[in-house]
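The values are calculated or read from the model by the stated rules, or taken from the named source; none is laboratory data. Since this is a predicted model, take the numbers as computed values, not measurements. We place every Cβ from the backbone using ideal geometry, glycine too, and count neighbours over all the protein chains shown.
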Amino acid sequence: MSTYNKSYKVNFEIAGPAAMFTRPDTGAAPVSYPVPTYSAAKGMFESIARLNSAYIRPTEVEVCSPIKFQRYTTNYGGPLRKDNQMKGDTSYQLIATILIDVCFRIYGEVEELYKPLDVKTNHLHHLQEMFQWRLERGKCYYMPCLGWKEFTPSYFGPFREETKVDESIQITIPSMLFSVFNNEGKYNPVFKQNVEIIAGRLKYAE
(Lines give C-alpha, C1' and ligand atoms only; values in the text may rest on other atoms or scores of the structure.)
Protein backbone atom coordinates (compact mmCIF):
# COMPACT_ATOMS: atom_id res chain seq x y z
CA MET A 1 0.00 0.00 0.00
CA SER A 2 1.33 3.45 -0.91
CA THR A 3 2.36 5.91 1.80
CA TYR A 4 1.48 8.82 -0.52
CA ASN A 5 -1.97 10.40 -0.72
CA LYS A 6 -1.88 10.97 -4.48
CA SER A 7 -2.32 8.15 -7.00
CA TYR A 8 0.08 7.87 -9.94
CA LYS A 9 -1.61 6.42 -13.01
CA VAL A 10 -0.19 5.31 -16.35
CA ASN A 11 -1.55 3.66 -19.49
CA PHE A 12 -0.58 2.44 -22.95
CA GLU A 13 -2.03 0.96 -26.11
CA ILE A 14 -0.82 -2.27 -27.71
CA ALA A 15 -1.87 -3.89 -30.99
CA GLY A 16 -0.65 -6.77 -33.10
CA PRO A 17 -1.52 -9.47 -35.63
CA ALA A 18 -1.51 -12.29 -33.03
CA ALA A 19 -1.71 -12.84 -29.26
CA MET A 20 -1.77 -15.78 -26.86
CA PHE A 21 -2.75 -15.50 -23.20
CA THR A 22 -2.89 -19.18 -22.35
CA ARG A 23 -5.72 -20.77 -20.38
CA PRO A 24 -3.99 -23.38 -18.16
CA ASP A 25 -7.06 -25.64 -18.27
CA THR A 26 -6.73 -26.23 -22.03
CA GLY A 27 -3.79 -28.62 -21.80
CA ALA A 28 -1.67 -29.76 -24.74
CA ALA A 29 -3.69 -27.78 -27.31
CA PRO A 30 -3.79 -24.42 -25.51
CA VAL A 31 -6.49 -21.80 -26.05
CA SER A 32 -6.11 -18.09 -25.36
CA TYR A 33 -8.15 -15.97 -23.00
CA PRO A 34 -9.87 -13.11 -24.89
CA VAL A 35 -7.81 -10.48 -23.01
CA PRO A 36 -4.38 -10.27 -21.36
CA THR A 37 -4.08 -11.72 -17.88
CA TYR A 38 -2.99 -9.49 -15.00
CA SER A 39 0.50 -11.05 -15.17
CA ALA A 40 0.78 -10.43 -18.92
CA ALA A 41 -0.24 -6.79 -18.50
CA LYS A 42 2.21 -6.34 -15.60
CA GLY A 43 5.00 -7.74 -17.78
CA MET A 44 4.19 -5.22 -20.50
CA PHE A 45 4.51 -2.35 -18.02
CA GLU A 46 7.80 -3.76 -16.70
CA SER A 47 9.23 -4.02 -20.22
CA ILE A 48 9.20 -0.21 -20.31
CA ALA A 49 10.01 0.99 -16.78
CA ARG A 50 10.77 -0.53 -13.39
CA LEU A 51 12.11 0.26 -9.94
CA ASN A 52 13.17 -2.01 -7.08
CA SER A 53 10.97 -0.12 -4.61
CA ALA A 54 7.76 0.21 -6.69
CA TYR A 55 5.83 -1.45 -9.50
CA ILE A 56 2.94 -0.70 -11.84
CA ARG A 57 -0.22 -2.60 -10.91
CA PRO A 58 -2.56 -3.24 -13.89
CA THR A 59 -6.07 -1.99 -13.09
CA GLU A 60 -8.11 -2.28 -16.29
CA VAL A 61 -7.97 -3.43 -19.91
CA GLU A 62 -10.14 -2.18 -22.77
CA VAL A 63 -10.73 -4.27 -25.88
CA CYS A 64 -10.47 -2.08 -28.98
CA SER A 65 -10.97 -4.63 -31.75
CA PRO A 66 -13.39 -7.54 -32.30
CA ILE A 67 -12.33 -10.74 -30.51
CA LYS A 68 -11.27 -13.25 -33.16
CA PHE A 69 -9.75 -16.69 -32.62
CA GLN A 70 -7.69 -18.68 -35.11
CA ARG A 71 -5.93 -22.06 -35.16
CA TYR A 72 -2.15 -21.79 -34.99
CA THR A 73 0.52 -24.47 -35.41
CA THR A 74 4.17 -24.14 -34.46
CA ASN A 75 7.14 -26.44 -33.90
CA TYR A 76 8.32 -26.58 -30.28
CA GLY A 77 11.95 -27.46 -29.63
CA GLY A 78 12.22 -26.84 -25.90
CA PRO A 79 12.96 -29.04 -22.86
CA LEU A 80 9.36 -30.24 -22.38
CA ARG A 81 9.51 -32.55 -25.40
CA LYS A 82 9.25 -36.33 -25.00
CA ASP A 83 12.44 -38.34 -24.44
CA ASN A 84 12.52 -39.77 -27.96
CA GLN A 85 12.10 -36.29 -29.42
CA MET A 86 14.93 -34.97 -27.27
CA LYS A 87 17.23 -37.84 -28.28
CA GLY A 88 16.38 -37.49 -31.96
CA ASP A 89 16.53 -33.68 -31.78
CA THR A 90 13.09 -33.45 -33.37
CA SER A 91 10.45 -30.83 -32.68
CA TYR A 92 7.02 -31.25 -31.17
CA GLN A 93 4.17 -29.87 -33.26
CA LEU A 94 2.10 -27.63 -31.02
CA ILE A 95 -1.45 -26.74 -32.04
CA ALA A 96 -3.03 -23.74 -30.34
CA THR A 97 -6.02 -21.41 -30.63
CA ILE A 98 -4.80 -17.83 -30.59
CA LEU A 99 -6.25 -14.34 -30.92
CA ILE A 100 -5.70 -12.40 -34.13
CA ASP A 101 -5.80 -8.70 -35.04
CA VAL A 102 -5.85 -7.52 -31.44
CA CYS A 103 -5.79 -4.06 -29.92
CA PHE A 104 -5.92 -3.28 -26.20
CA ARG A 105 -5.68 -0.23 -23.98
CA ILE A 106 -4.22 -1.10 -20.58
CA TYR A 107 -4.32 1.07 -17.45
CA GLY A 108 -2.19 0.85 -14.34
CA GLU A 109 -1.33 2.55 -11.08
CA VAL A 110 2.07 2.82 -9.42
CA GLU A 111 2.27 0.96 -6.10
CA GLU A 112 4.95 0.91 -3.42
CA LEU A 113 6.87 -2.27 -2.57
CA TYR A 114 8.96 -0.65 0.16
CA LYS A 115 9.98 2.86 1.19
CA PRO A 116 13.47 3.86 -0.01
CA LEU A 117 16.04 5.16 2.46
CA ASP A 118 16.00 8.50 0.64
CA VAL A 119 12.66 9.74 2.01
CA LYS A 120 13.00 13.00 0.04
CA THR A 121 12.39 11.15 -3.22
CA ASN A 122 8.83 10.38 -4.33
CA HIS A 123 9.67 7.12 -6.05
CA LEU A 124 6.07 6.56 -7.19
CA HIS A 125 6.05 9.82 -9.14
CA HIS A 126 9.51 8.98 -10.44
CA LEU A 127 8.33 5.64 -11.84
CA GLN A 128 5.27 7.29 -13.40
CA GLU A 129 7.41 9.93 -15.13
CA MET A 130 9.99 7.35 -16.21
CA PHE A 131 7.31 5.16 -17.77
CA GLN A 132 5.68 8.02 -19.67
CA TRP A 133 9.03 9.37 -20.92
CA ARG A 134 10.24 5.98 -22.14
CA LEU A 135 6.88 5.02 -23.69
CA GLU A 136 6.69 8.23 -25.73
CA ARG A 137 10.21 7.65 -27.06
CA GLY A 138 9.79 3.95 -27.81
CA LYS A 139 12.40 2.86 -25.27
CA CYS A 140 12.15 -0.51 -23.52
CA TYR A 141 14.28 -3.00 -21.60
CA TYR A 142 13.03 -5.79 -23.84
CA MET A 143 10.47 -6.04 -26.61
CA PRO A 144 6.96 -6.23 -25.11
CA CYS A 145 4.96 -9.18 -26.37
CA LEU A 146 1.33 -10.23 -26.65
CA GLY A 147 1.61 -13.32 -24.45
CA TRP A 148 4.04 -15.57 -26.31
CA LYS A 149 7.42 -13.99 -27.07
CA GLU A 150 7.05 -14.49 -30.83
CA PHE A 151 3.88 -12.38 -30.87
CA THR A 152 5.44 -8.93 -31.01
CA PRO A 153 3.23 -5.83 -31.35
CA SER A 154 2.67 -3.81 -34.50
CA TYR A 155 2.04 -0.82 -32.22
CA PHE A 156 3.02 -0.13 -28.61
CA GLY A 157 2.79 3.39 -27.24
CA PRO A 158 0.49 6.17 -26.05
CA PHE A 159 -3.22 6.04 -26.84
CA ARG A 160 -4.05 6.78 -30.48
CA GLU A 161 -6.95 9.11 -31.18
CA GLU A 162 -8.53 6.78 -33.74
CA THR A 163 -8.65 3.79 -31.36
CA LYS A 164 -12.08 3.14 -29.85
CA VAL A 165 -13.31 0.63 -27.25
CA ASP A 166 -15.55 -2.10 -28.68
CA GLU A 167 -18.48 -1.66 -26.30
CA SER A 168 -20.42 -4.52 -27.92
CA ILE A 169 -18.19 -7.07 -26.17
CA GLN A 170 -19.89 -8.72 -23.17
CA ILE A 171 -18.19 -11.87 -21.86
CA THR A 172 -18.07 -13.74 -18.55
CA ILE A 173 -14.95 -15.86 -18.03
CA PRO A 174 -15.81 -18.63 -15.49
CA SER A 175 -12.22 -18.94 -14.22
CA MET A 176 -9.25 -16.78 -15.22
CA LEU A 177 -5.59 -16.97 -14.26
CA PHE A 178 -4.83 -13.74 -12.42
CA SER A 179 -1.13 -14.09 -11.64
CA VAL A 180 1.54 -16.81 -11.53
CA PHE A 181 4.08 -15.17 -9.20
CA ASN A 182 3.64 -12.81 -6.26
CA ASN A 183 5.46 -9.49 -5.87
CA GLU A 184 8.41 -11.28 -4.23
CA GLY A 185 8.82 -13.43 -7.35
CA LYS A 186 7.66 -16.64 -5.69
CA TYR A 187 5.47 -19.14 -7.52
CA ASN A 188 1.94 -18.56 -6.23
CA PRO A 189 -0.75 -18.98 -8.94
CA VAL A 190 -4.00 -17.11 -8.29
CA PHE A 191 -7.27 -17.57 -10.19
CA LYS A 192 -10.35 -15.32 -10.26
CA GLN A 193 -13.88 -16.64 -10.85
CA ASN A 194 -16.64 -15.16 -13.00
CA VAL A 195 -14.48 -12.39 -14.44
CA GLU A 196 -16.61 -10.06 -16.56
CA ILE A 197 -15.81 -8.05 -19.66
CA ILE A 198 -18.54 -5.41 -19.67
CA ALA A 199 -18.90 -3.03 -22.65
CA GLY A 200 -15.40 -4.03 -23.77
CA ARG A 201 -13.79 -3.37 -20.37
CA LEU A 202 -12.32 -5.75 -17.80
CA LYS A 203 -11.23 -4.52 -14.38
CA TYR A 204 -8.37 -6.37 -12.71
CA ALA A 205 -8.78 -6.69 -8.95
CA GLU A 206 -6.31 -7.97 -6.36
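Considering only region 111-131, state which residues are in contact (Cβ under 8 Å) with a residue 12 or more places away in the chain, out of contact with any Ser or Thr (no Cβ under 8 Å at 6 or more places or on another chain) and not in a helix (DSSP H, G or I). Break it down stepwise before answering.
Of region 111-131, the ones in contact (Cβ under 8 Å) with a residue 12 or more places away in the chain are 111-116, 122-128, 130-131.
Remaining after also requiring out of contact with any Ser or Thr (no Cβ under 8 Å at 6 or more places or on another chain): 122, 125-128, 130-131.
Within region 111-131, 122 is the sole residue that qualifies.
Check 178, 151 and return the single one that is within 28 Å of residue 53 (Cα to Cα), surrounded by 12 or more Cβ atoms within 10 Å (Cβ to Cβ) and of a type in the set (Phe, Trp, Tyr).
On the way: 151 fails: within 28 Å of residue 53 (Cα to Cα).
So the residue among 178, 151 that is within 28 Å of residue 53 (Cα to Cα), surrounded by 12 or more Cβ atoms within 10 Å (Cβ to Cβ) and of a type in the set (Phe, Trp, Tyr) is 178.
Only residues that are modelled with pLDDT of 90 or more and not aliphatic (A, V, I, L, M): list them for region 98-121, please.
Hits for region 98-121 are 101, 103, 104, 105, 107, 108, 109, 111, 112.
Can you find a residue that is surrounded by 18 or more Cβ atoms within 10 Å (Cβ to Cβ), touching a strand residue (DSSP E or B) at 6+ places or on another chain (Cβ under 7 Å) and more than 24 Å from residue 191 (Cβ to Cβ) anywhere in region 38-56?
Among the residues of region 38-56, at least one is surrounded by 18 or more Cβ atoms within 10 Å (Cβ to Cβ), touching a strand residue (DSSP E or B) at 6+ places or on another chain (Cβ under 7 Å) and more than 24 Å from residue 191 (Cβ to Cβ), which makes the answer yes.
Look through 169, 173 and report the one residue that is closer than 17 Å to residue 32 by Cβ, in a strand (DSSP E or B) and not small (Gly, Ala, Ser).
On the way: 169 fails: in a strand (DSSP E or B).
Criteria check complete, one pass: 173.
Out of 124, 113, 117, report the one residue that is surrounded by 12 or more Cβ atoms within 10 Å (Cβ to Cβ) and more than 24 Å from residue 14 (Cβ to Cβ). Can you show your working first?
Working: 124 fails: more than 24 Å from residue 14 (Cβ to Cβ); 117 fails: surrounded by 12 or more Cβ atoms within 10 Å (Cβ to Cβ).
None of the others qualify; the one that does is 113.
Just name the residue that is farthest from residue 205 (Cα to Cα) out of those in region 56-92 that are of a type in the set (A, V, I, L, M, F, W, C) and outside any loop (DSSP other than H, G, I, E, B). Please lay out each step first, then the result.
Keep residues of region 56-92 that are of a type in the set (A, V, I, L, M, F, W, C), which gives 56, 61, 63-64, 67, 69, 80, 86.
Now restrict to residues that are outside any loop (DSSP other than H, G, I, E, B): 56, 61, 63, 69, 86.
Working: 56: 13, 61: 11, 63: 17, 69: 26, 86: 41 Å.
Here the answer is 86.
Which pairs turn up if I take residues in region 86-105 that are over 18 Å from residue 72 (Cβ atoms) and touching a residue at least 60 places away in the same chain (Cβ under 8 Å) and look for partners that are hydrophobic (A, V, I, L, M, F, W, C) and assigned to a strand (DSSP E or B) with beta carbon separation below 6 Å, at least 6 apart in sequence or on another chain?
Every condition considered, the pairs that remain are 103/15; 104/14; 104/61.
Among the residues in region 43-55, are any in a loop (DSSP other than H, G, I, E, B), closer than 14 Å to residue 148 by Cα and under 15 Å from the mean Cα position of the chain (by Cα)? Full working, then the answer.
Pass one, region 43-55, residues in a loop (DSSP other than H, G, I, E, B): 49-53.
Adding the requirement that they be closer than 14 Å to residue 148 by Cα leaves none.
Checked region 43-55: no residue is in a loop (DSSP other than H, G, I, E, B), closer than 14 Å to residue 148 by Cα and under 15 Å from the mean Cα position of the chain (by Cα).
Out of the residues in region 179-191 that are assigned to a strand (DSSP E or B) and either polar (S, T, N, Q) or within 16 Å of the chain's Cα centre (by Cα) (or both), state the one that is modelled with the highest pLDDT.
Just the residues of region 179-191 that are assigned to a strand (DSSP E or B), to begin with: 179-181, 187-191.
If we keep only those that are either polar (S, T, N, Q) or within 16 Å of the chain's Cα centre (by Cα) (or both) as well, we get 179-181, 188-191.
Values: 179: 84, 180: 84, 181: 82, 188: 86, 189: 88, 190: 89, 191: 93.
Across region 179-191, the extreme among qualifying residues is 191.
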